[in-house]
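Step one of this worksheet: look at the structure below.
The values are calculated or read from the model by the stated rules, or taken from the named source; none is laboratory data. Small disclaimer: the values here were computed from a predicted structure and weren't measured. Here the Cβ positions follow ideal geometry from the backbone for every residue, glycine too, while neighbour counts run over all protein chains shown.
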């Protein structure tokens, strides 16, 4: 995985506070990771119940292919940062709502 620099000032401008930005990105990346894990578990659940056939190399190759497909995907943190930069993340400040 190559290291990419991120303009923290650009990210901080989205919320007005770098700490809020980091908290939002952390929460979103956890959501993405959970979703990805559920998708992977659903795809691999297909292979449950095929115990005798699991010795078949085709089953093993298919499981390996699915696992590699998910390993090659970008990290959830990278995806969250891209979403933040593209304005695809919805967030709100509850303390601002109380003041209004």
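Before moving on, here are some points about what is shown:
- In this structure, residue 37 does not qualify as surrounded by 13 or more Cβ atoms within 10 Å (Cβ to Cβ) and assigned to a helix (DSSP H, G or I).
- Positions within the range 86-98 being more than 15 Å from residue 23 (Cα to Cα) and at pLDDT 90 or above, in sequence order: 86, 87, 88
- Subset of the range 1-34 that is farther than 16 Å from residue 90 by Cα and not in a helix (DSSP H, G or I) - its residue that is nearest to the chain's Cα centre (by Cα): 1
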